[in-house]
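Engineer: Sending over a structure as structure tokens; questions will come in a sec.
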């Protein structure tokens with residue numbers, strides 16, 4: 001009986017294995033291979049995307065593949081496609097926006113999907129036209145998704161960047177930006193993007209010493225092996241911000 005139980009457990013675990021998901025995970029873990037500074041190798045990222053797309057066909061791993069594919073779209077848009085290539089970025093983030101909406105409807109309790117959907121939706125709106133996107137209710141959708149996912153970094157960033165527009169967009173609040181970004185920093189002190197956003201907020205608040213301390217703390221952390229390309233981008237932004245802060249302190 002015991003041997004039969006073990007065999008059934010092994011067969012059950014094999015049923016959740018998927019070679020396409022495994023391939024996607026391999027390229028995901030190696031997405032920094034052949035990268036040049038903060039730009040990833042497009043061939044590697046395409047292999048990652050195609051593997052996750054194939055894995056979606058297997059219902060036993062669809063949810064995990066959806067999470068990864070949403071991140072892969074974000075990664076390609078930010079770290080492969082040149083930021084000046086508006087048409088390519090708009091096309092990619094339109095695909096990721098539609099896919100995110102579909103997966104969010106299918107897996108509404110998955111916070112990772114909600115969070116990545118909000119992120120890609122925000123990137124799409126930037127290329128589509130921020131004001132028009134706001135008028136079409138995209139900003140509110142991003143706010144609701146971020147709240148739903150308890151993504152304090154993204155929620156704080158939304159309050160930090162979005163303008164207060166009576167009737168059209170009345171919820172952005174700089175005090176709430178401070179609250180949520182501080183919560184995000186406490187939640188994950190190693191996240192360089194949160195450090196960057198919080199330091200930018202401190203600069204806007206003219207709290208220069210605190211801003212400088214945050215930047216120096218971020219730079220002292222180096223580059224995480226699991227976020228090599230992403231952290232390299234954040235580091236040069238932190239270095240640039242450091243120059244701005246010191247200039248204001250003179």
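None of the figures in this text is laboratory data; all of them are computed from the coordinates on show. The model shown is predicted, which means the values in this text are computed figures rather than measured ones. Cβ: placed from backbone, ideal geometry, glycine included. Neighbour counts: every protein chain shown.
Engineer: Given the Cα-Cα distance of residue 216 and residue 150 and 0.36 nm per residue of separation, how much length would full extension add, in nm?
Structural biologist: Details: separation 66, 0.36 × 66 = 23.76 nm, distance 2.73 nm.
Contour length minus the Cα-Cα distance gives 21.0 nm.
Engineer: Taking the chain as a Gaussian network, Cα atoms linked when under 10 Å apart, which of 127, 67, 136 shows the biggest mean-square fluctuation?
Structural biologist: Its mean-square fluctuation being the largest, the pick is 136.
Engineer: For segment 129-236, take the alpha-carbon Rg, divide it by the Kirkwood Rh, and send me Rg/Rh. Kindly include the intermediate steps, with their values, before the conclusion.
Structural biologist: On the way: Rg = 14.8 Å, Rh = 14.7 Å.
Rg divided by Rh gives 1.01.
Engineer: Evaluate 2.2 N^0.38 Å with N set to the residue count of segment 60-166, then give the Cα radius of gyration divided by it. Working shown, then result.
Structural biologist: Working: Rg = 13.4 Å, N = 107, 2.2 N^0.38 = 13.0 Å.
That works out to 1.03 for segment 60-166.
Engineer: Provide the FRET efficiency to the nearest 0.05 for the residue 204-residue 228 pair, computing r from the beta carbons and using R0 = 45 Å.
Structural biologist: Working: r = 29 Å, r/R0 = 0.65.
Taking R0 as 45 Å, the efficiency between residue 204 and residue 228 is 0.95.
Engineer: If I fit a long axis through the Cα atoms of helix 42-55 and take the longest principal axis of the Cα atoms of the chain, what angle between them do I get, 0 to 90°, rounded to 10?
Structural biologist: Once rounded, the angle reads 50 degrees.
Engineer: In percent, what relative contact order does segment 188-250 have, based on Cα pairs under 8 Å that are 6 or more apart in sequence?
Structural biologist: Across segment 188-250, relative contact order equals 37 percent.
Engineer: Among 181-191, 23-33, 240-250, how do they line up from the highest to the lowest mean number of other beta-carbon atoms within 10 Å? Spell out each step's value before the answer.
Structural biologist: Values: 181-191: 16.4, 23-33: 18.2, 240-250: 13.1.
The packing order, highest mean first, is 23-33, 181-191, 240-250.
Engineer: Run through every distinct alpha carbon pair of the chain and return the Kirkwood hydrodynamic radius in angstroms, one decimal place. Walk me through the numbers before you get to the answer.
Structural biologist: Working: mean 1/r = 0.0508 Å⁻¹.
Evaluated on the chain, it is 19.7 Å.
Engineer: Find the relative contact order for segment 38-108 and round it to a whole percent, using C-alpha pairs within less than 8 Å whose residues are 6+ positions apart. Spell out each step's value before the answer.
Structural biologist: Details: 44 pairs, mean separation 22.2, N = 71.
About 31 percent, as a whole number.
Engineer: Mind pulling up the Rg/Rh value for segment 188-250? Radius of gyration and Kirkwood radius, both on Cα. Kindly include the intermediate steps, with their values, before the conclusion.
Structural biologist: Details: Rg = 11.1 Å, Rh = 11.5 Å.
Result for segment 188-250 is an Rg/Rh of 0.97.
Engineer: If I stretch the segment between residue 88 and residue 132 completely, what's the gain in nm (0.36 nm per residue apart, minus their alpha carbon distance), one decimal? Let's see the in-between values first.
Structural biologist: Values: separation 44, 0.36 × 44 = 15.84 nm, distance 1.93 nm.
Result for the pair: 13.9 nm of gain on full extension.
Engineer: If you average the alpha carbon positions of segment 79-151 and of segment 20-57, how far apart do those two centres end up, in angstrom?
Structural biologist: Cα centres, segment 79-151 to segment 20-57: 21 Å.
Engineer: Please build a GNM for the chain, connecting alpha carbons under 10 Å apart, and tell me which residue among 160, 119, 132 fluctuates the most.
Structural biologist: Maximum among the listed residues: 132.
Engineer: For the chain, what does the helix formula give at 222 nm: sum of -39500 (n - 2.57) over DSSP H segments with n ≥ 4, over the residue count, nearest 500 deg cm²/dmol? Present the calculation step by step, with values, prior to reporting the outcome.
Structural biologist: On the way: 13 runs with 186 residues, N = 250.
When only DSSP H runs of four or more count, the value is -24000 deg cm²/dmol.
Engineer: Related question: Using Cα pairs under 8 angstrom and six or more residues apart, how large is the relative contact order of the chain, in percent?
Structural biologist: Working: 295 pairs, mean separation 32.2, N = 250.
After rounding, I find 13 percent.
Engineer: Quote the FRET efficiency, to the nearest 0.05, computed for residue 34 versus residue 175 with a Förster distance R0 of 35 Å and r equal to the Cβ-Cβ distance.
Structural biologist: Working: r = 44 Å, r/R0 = 1.26.
Once the sixth-power term is evaluated, E becomes 0.20.
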